[in-house]
Each structure stands twice: as C-alpha cells, then as structure tokens.
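The structure appears below as structure tokens.
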Amino acid sequence: MRGRGDDLTSMNGLTVVAGLIILIGLIGVVIPLLPGRPLVWAAVLVWAAAAQTTAALVVFSVATTLALSGLLLRYLLPGRRMGKAGVTTSSTLAGAALGIVGLFVIPVFGAFLGFVLGVYVAERIKLCTHTAVWVHSLRAFKAIGLSMGVEMLTGLAIATTWLIGVTTTA
C-alpha cells in the first residue's frame, strides 16, 4: 500500500530525472547529435504531467511559449542578417544541404563546416572573387553562432522557468 510519502519520493525522483534530461538537452544545443531545445521542453512536459498542479501547468505553458518563440527566432534572426549581408537564399539552401551531408560525414562539427562550405561554394560560383565570398562565408559562420545563441538562451530560459516551478511547488 502506497502512502503520501511514496508519491513525494517518486515525484522527487522524476524531478531529478527531468533535471538531468534538461541538462542533456542544454548540452545538445552545442552537440548537434542531440535535439537540444525539444529535449528541454519534453522534460518540462513530463514533469508537469506528473505534477498535475496549476503551477506545473503554468510552468509548462510558459515553457511552450518560450520554445515556440525560440524556434521562430532561431531561423528568422540569422536568415535576416545573412540576407542583409547579401547572402542569397540559394546560397543558404546550398549551405543547409551541405550541412546535412556534413553532419553524417563528420559527426558533431560536420553540420557547421558543411553549412559554411556550402555557402562559400555557392557564393564563389556567383561572385567569382575570393574576398567577397569570404565576407559572405564569415556572415554565415556568425549566423550559426547567432542561431546557437538563440537556442541556448531559449533552453536556459525554459530551464530557469522549470527551476522556478520546482522550487515553488516543492
């Protein structure tokens, strides 16, 4: 027969597991083999579903809003900056294609290298001068950094929201 104390113990165990998954998700922002932000969001979802309190529902709602906002910003901000720098959409798509190939050829860092290489090759075909192409490639590299920064800040904001929820519901 389970008493009230057993529920609290299992909830604390689930809270620890959710915290570890959130930590793994934050590492996943830097290592592209792991789905960073989705892992962080999913950990909050599981925690909130198990907690079944109003505070947990509010935490999950805020986490969902942050995750969706981060998803939007992750793609809009870097793309906009690259567009202003003169990098064309076709070059960005070439970078994305080589980034996907690079992910499988060189695990972990291949996606970054492939993206920059794809933008470089596509822009080199169009512009024919190394100097102009190099500037565009650097913009693409900075866009990757901006995208990762947005992803990390989103993950940290979700984790902070979860921590606040855990401490207020404990």
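The values are calculated or read from the model by the stated rules, or taken from the named source; none is laboratory data. The structure displayed is predicted, hence computed values, not measured ones. Cβ sites come from the backbone with ideal geometry, for glycine too, and all protein chains shown count toward neighbours. Accessible surface is based on the protein model in full, side chains and every heavy atom, while ligands, DNA and RNA are left aside. Shrake-Rupley method; radii C 1.70, N 1.55, O 1.52, S 1.80 Å.
If the requirement is being free of Cβ contacts under 8 Å to residues at least 12 places away in the same chain, under 30 Å from Ala132 (Cα atoms) and open to solvent by 70 Å² or more (accessible area, probe 1.4 Å), which of these qualifies: Thr89, Thr65? Even if it seems obvious, please write down each step before you answer.
Numbers: Thr65 fails: under 30 Å from Ala132 (Cα atoms).
Exactly one residue qualifies, and that residue is Thr89.
Please enumerate the residues belonging to the range 10-27 that are under 17 Å from the mean Cα position of the chain (by Cα), among the β-branched types (Val, Ile, Thr) and open to solvent by 30 Å² or more (accessible area, probe 1.4 Å).
Passing the criteria: Ile21, Ile24, Ile27.
Collect the residues in the range 28-49 that are modelled with pLDDT under 90, surrounded by fewer than 18 Cβ atoms within 10 Å (Cβ to Cβ) and hydrophobic (A, V, I, L, M, F, W, C), keeping them in residue-number order.
Those that are modelled with pLDDT under 90, surrounded by fewer than 18 Cβ atoms within 10 Å (Cβ to Cβ) and hydrophobic (A, V, I, L, M, F, W, C): Val30, Ile31, Leu33, Leu34.
Is it true that Val108 is at pLDDT below 80 and either hydrophobic (A, V, I, L, M, F, W, C) or open to solvent by less than 30 Å² (accessible area, probe 1.4 Å) (or both)?
Judged against the criteria, Val108 is a match.
In the range 50-62, which residue that is under 20 Å from the mean Cα position of the chain (by Cα) and among the hydrophobic types (A, V, I, L, M, F, W, C) is most open to solvent (accessible area, probe 1.4 Å)?
The qualifying residue most open to solvent (accessible area, probe 1.4 Å) is Val62.
Return the pairs, sorted by first residue and then second, in which the second residue is part of a loop (DSSP other than H, G, I, E, B) and open to solvent by less than 50 Å² (accessible area, probe 1.4 Å), the first residue lies in the range 21-49 and is closer than 24 Å to Phe104 by Cα, the beta carbons are less than 8 Å apart, and the residues are 6+ apart or on different chains.
As it stands, the answer is Ile31/Val108; Pro32/Val108; Leu33/Val108, since those pairs meet every condition given.
Could you list all residues from the range 118-167 that are modelled with pLDDT of 85 or more, open to solvent by 80 Å² or more (accessible area, probe 1.4 Å) and of a type in the set (S, T, N, Q)?
Result: Thr167, single match.
When you go through Ala122, Ala94, Ala111, Ala140 one by one, which is the residue that is of a type outside the set (Phe, Trp, Tyr) and under 19 Å from Leu34 (Cα atoms)?
It is Ala111.
Which members of the range 24-47 meet the condition of being closer than 21 Å to Thr169 by Cβ and in contact with a Leu (Cβ under 6 Å, 6 or more places away or on another chain)?
Gly25
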